[in-house]
1. Any idea which of TYR210, TYR176 is part of a helix (DSSP H, G or I), hydroxyl-bearing (Ser, Thr, Tyr) and either at pLDDT 95 or above or crowded, with 16+ Cβ neighbours inside 10 Å (or both)?
2. Applying the selection to the range 35-90, what residues are part of a loop (DSSP other than H, G, I, E, B) and aromatic (Phe, Trp, Tyr)?
3. Taking into account only those residues within the range 26-80 that are aromatic (Phe, Trp, Tyr) and under 30 Å from GLU227 (Cα atoms), which is surrounded by the most Cβ atoms within 10 Å (Cβ to Cβ)?
4. Output the number of the condition that ALA104 fails; it satisfies all remaining conditions of (1) surrounded by 17 or more Cβ atoms within 10 Å (Cβ to Cβ); (2) in a loop (DSSP other than H, G, I, E, B); (3) not basic (Lys, Arg).
5. Output the qualifying pairs, or none if there are none: Cβ atoms under 7 angstrom, residues six or more apart or on different chains, first residue in the range 104-122 and over 17 Å from ALA63 (Cβ atoms), second residue surrounded by fewer than 20 Cβ atoms within 10 Å (Cβ to Cβ).
6. Against the definition (among the β-branched types (Val, Ile, Thr) and modelled with pLDDT under 95), how does ILE228 come out, yes or no?
7. Looking at the range 219-253 only, could you name the residues that are of a type in the set (S, T, N, Q) and in contact with a strand residue (DSSP E or B) (Cβ under 7 Å, 6 or more places away or on another chain)?
Amino acid sequence: MDTQPTLVLGATGTTGRRVARQLQDAGDTVRAASRGGQTPFDWADPATWEPAVTGTAGMYLMAPDGVAVEPSFVRLAVDRGVRRIVLLSSMSIEAMGDARLLAAERTVREAGVDWTILRAGWFHQNFDEGFFQPAVLAGELALPLGEVRQVFVDAEDIAAAAVAALTGDGRAGRTYELTGPRALSFTQALEIIGQAAGRPVRFRGADADYLAQQIALGAPEEQTRQEIKAFAALRALGDAQPTDAVRRVTGREPRDLATFAAEAAARGAWRG
């Protein structure tokens, strides 16, 4: 076991806190970094970068939606001793024109150290602790994807893959697309969530539905129309296909959405 700590960015977030916990459960030393955390880290404050990375050997690298992974930070991390980087990315970023994540992947590949990229599908946890939770509670979700099937993945499985890549051998220089065991339309996914939560949740999958929803929420119309274009490109790919990457990386089968939903409901995720 490496006595140097592993730096986990976003350590209070959906995947980061799970990565930190699973590393600690495995007996590894963790440097958990976040804004306002025990190890302060802020992408907007370069003064926090060096104290976070100095003395670490591995890094779980992620940035919040809309925030770029700065190449200068990655260079600093490597200069200060990081020799293994696991990047959280997303599936279908070429089709959606996600320049932010495409650049992040390129930065990691060119860093000169061992790297692994985890491209994740839609998180299960979007429904109970993420940006879909208010819609579940309100009984209606609008997203311009129609009935095209998407792949969903549990954050615990993402974290397990990250831990395996950070602590084991044989995964360097590879990109993995992480999914759950089946592809579902959002209508089907919300039926599963609604049954577990004990409340009906309607899906509205047309562009106009999403535009109306976002404008009602105060989002800029031009930004929303750009998002609709990106979703249209994703929709044009057709039904997504589940992969066996979680099993190949972690040695275990991925958790299904129905299992997640039952456990989340038992915790009271959708009460109120």
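1. Details: TYR176 fails: part of a helix (DSSP H, G or I).
Step by step, each of TYR210, TYR176 is checked, and only TYR210 is part of a helix (DSSP H, G or I), hydroxyl-bearing (Ser, Thr, Tyr) and either at pLDDT 95 or above or crowded, with 16+ Cβ neighbours inside 10 Å (or both).
2. If we filter the range 35-90 for residues that are part of a loop (DSSP other than H, G, I, E, B), which is where we start, we get 35-38, 41-45, 54-57, 62-70, 80-83.
Answer for the range 35-90, where residues must be part of a loop (DSSP other than H, G, I, E, B) and aromatic (Phe, Trp, Tyr): PHE41, TRP43.
3. Checking each candidate, the answer is TYR60.
4. Of (1) surrounded by 17 or more Cβ atoms within 10 Å (Cβ to Cβ); (2) in a loop (DSSP other than H, G, I, E, B); (3) not basic (Lys, Arg), only one is false for ALA104: (2).
5. GLY112/VAL78; VAL113/VAL78; VAL113/ARG83; ASP114/ARG83; ASP114/ALA172
6. Working: among the β-branched types (Val, Ile, Thr): yes; modelled with pLDDT under 95: no.
No: the conditions fail for ILE228.
7. At the first step, the residues of the range 219-253 found to be of a type in the set (S, T, N, Q) are 223-224, 226, 241, 243, 250.
Within the range 219-253, GLN241, THR243 qualify.
The values are calculated or read from the model by the stated rules, or taken from the named source; none is laboratory data. Please read these numbers as outputs of a predicted model, since none were measured by experiment. Counting neighbours? That spans all protein chains shown, and the Cβs are built from the backbone with ideal geometry, glycine included.
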